[in-house]
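Notes to accompany the following structure.
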Amino acid sequence: MTQIDRLTRLYSAGKLDRREFMQGAVAAGLTIAGATSIGASAAAAAPKRGGTVRVGLVGASTTASHDPATYTDIFTELGMTGGVHNNLAEIDANGNAVPELAESFESSLDAKTWTIRIRKGVEFHNAKSLTAEDAVASLNHHLGEESKSPAKPLFSDVESIEAVDDGTMVIKLTSGNADFPYVLADYHLPIMPSRDGKLDWADGIGAGGYVLKQVDWGVRMQLERNPNYWKGDTRSHFDAAELVAISDATARQTALMTGSVDVINRVDPLTVRLLERNPDIEIDNVTGNQHFSIPMDTTVAPFDNVDVRLALKHAIDREGLVQKVLNGFGTPANDHPIGPGQRYFSKDLEQRAFDLDKAKFHLKKAGLDSLNVDLSAAETAFSGAVNTALLYKDSAKAAGININVIREPNDGYWSNVWLKKPWCTSFWGGRPTADWMFTLAYAAGGAWNETHWSNERFMTLLLEARAELDQTRRADMYGEMQAIVRDDGGAVIPMYANYVDAHTKKLAHGKLASNFELDGWKILDRWWFT
């Protein structure tokens, strides 16, 4: 990026005034006329206040609540974590963990002690001033023996969390964690007001850019801009926002094309060309960490047999699914969750191929001539989930594997099917770091360990890699962990899928984050109407 590009981006974002931009541009070699022209274009593209943005979403649950320990669906996460609340840290468009409600993070040399300075002058929506005590209560809410929060495994190495004074908190770990600021950006960890040392979450009060006005969980959420937002005019440009749950892919696209909503997520890759032909619609196609999973419960038969798991992994046509389900908007995956966009993605690990002979070999090794299994699927898991299950059924049949596809209702899928049925379809937006992804979904005993899998060597490496500061050694550890999950784990992971969202061209945004869909779930905070 050139100096002119940097100046233009800062000017467009409102971080430089016109005089500062002109001085910098001339110093960088532009003529006054050239600087004036570029400055005018940048000013026209700058964020503007106003309007009500309407978001049509797949991924909503009627069983959701204000309790951040229960957040499981994008409807809740985008509206609450991405609108009503802020975290101590956020993931920026470049994938970095940067301070949000924290002003700074300082670690000891061994990354065991983290001192966090709390941002001054921040008020919650109820006018209570933010203090370190609120941050401590927000994190402690996910700890304790009774906690079932999915964020609990992320704090497995936390020894203590203390407020030193109103503006400072100290977190001590039992072992080093070089990625700890990323943990604090987890969407289960928004900072909320405290009362008598406990988190006061019931009223949906936050410190974010929007105030919650009304919510019908899994149906509709209405927000209004927080007039006292501490980020001022640099963020949360909309006057109001409305989130609407639209599970059917065709209905979502129709709503966008008719102007009923301004933006939708998870565009059906098979019909994306229809939207591309509309001159008023823009497609966002972002390569990130998203992957589709078909997890097996490894504690119940027949999935408790590793050879059965390997037979199923060899019996799926990954290349075919990328073309038929994703329409090319993705790449074949390798039965582990670390995608090619991750820093520690192992390029040396052999890609698993569709191989019916190997599938038959592992069935025989398991003592079976054939296998009959049920697979639960619903479109709320991911667009094309049912089709994926049916195509999987067709490809596995020749290996003697008979898959009975059960079409489950979209509503209640994440509470009634996922983590409940022995084999189902699932979706992961991925996580910014390998440690975060492995800890959340593969660590033994984790609330979101969707395969109920446990592997002693994997757990040893997980703890060692987290504290390892030598990047070469750390990469080797994560490479071995990817191989262990691929060959022993209970998840069939056939596809890394791009984030494919769409919006009216009346909306504008900067560089898109790739940690989650819809700009890392931050569209309410980062986008604006032109």
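Things worth noting here:
- Those residues of the range 223-243 which are of a type in the set (S, T, N, Q) and surrounded by fewer than 17 Cβ atoms within 10 Å (Cβ to Cβ), in sequence order: ASN228, THR234
- Options LYS511, LYS506: the member that is in the same structural domain as THR254 (by TED's automatic domain parsing), among the basic types (Lys, Arg) and either out of contact with any Ser or Thr (no Cβ under 8 Å at 6 or more places or on another chain) or on the phi > 0 side of the Ramachandran plot (or both): LYS511
- Total residues in the range 123-160 satisfying the condition of being in contact with a strand residue (DSSP E or B) (Cβ under 7 Å, 6 or more places away or on another chain) and assigned to a helix (DSSP H, G or I): the figure is 9.
- Test: residue in the range 144-167 that is buried (at least 22 other Cβ atoms within 10 Å of the Cβ) and modelled with pLDDT of 95 or more: no
- Only a single criterion out of (1) in contact with a His (Cβ under 8 Å, 6 or more places away or on another chain); (2) free of Cβ contacts under 8 Å to residues at least 12 places away in the same chain is not satisfied by ILE205, namely (2).
- The range 70-98 - residue that is surrounded by fewer than 19 Cβ atoms within 10 Å (Cβ to Cβ) and more than 15 Å from the chain's Cα centre (by Cα) and, of those, modelled with the highest pLDDT: VAL98
- Taking helices (runs of 4 or more DSSP H) as the structural unit, those lying wholly within the range 244-346 and holding at least 3 residues that are crowded, with 17+ Cβ neighbours inside 10 Å and touching a residue at least 24 places away in the same chain (Cβ under 8 Å) correspond to 249-257, 306-314, 318-324.
- If the condition is being over 14 Å from GLU77 (Cα atoms) and assigned to a loop (DSSP other than H, G, I, E, B), then the range 171-195 contributes THR174, SER175, GLY176, ASN177, ALA178, ASP179, LEU184, MET192, PRO193.
- Looking across the range 157-191, the residues that are among the aliphatic types (A, V, I, L, M) and more than 24 Å from ILE91 (Cβ to Cβ) come down to ALA163, VAL164.
- Which numbered condition GLU282 fails, given (1) in contact with a helix residue (DSSP H, G or I) (Cβ under 7 Å, 6 or more places away or on another chain); (2) closer than 30 Å to THR530 by Cα: (1)
The values are calculated or read from the model by the stated rules, or taken from the named source; none is laboratory data. Every value quoted in this text rests on a predicted model; they were computed, and no experiment measured them. All Cβ positions, glycine included, derive from the backbone under ideal geometry; neighbour counts span all protein chains shown.
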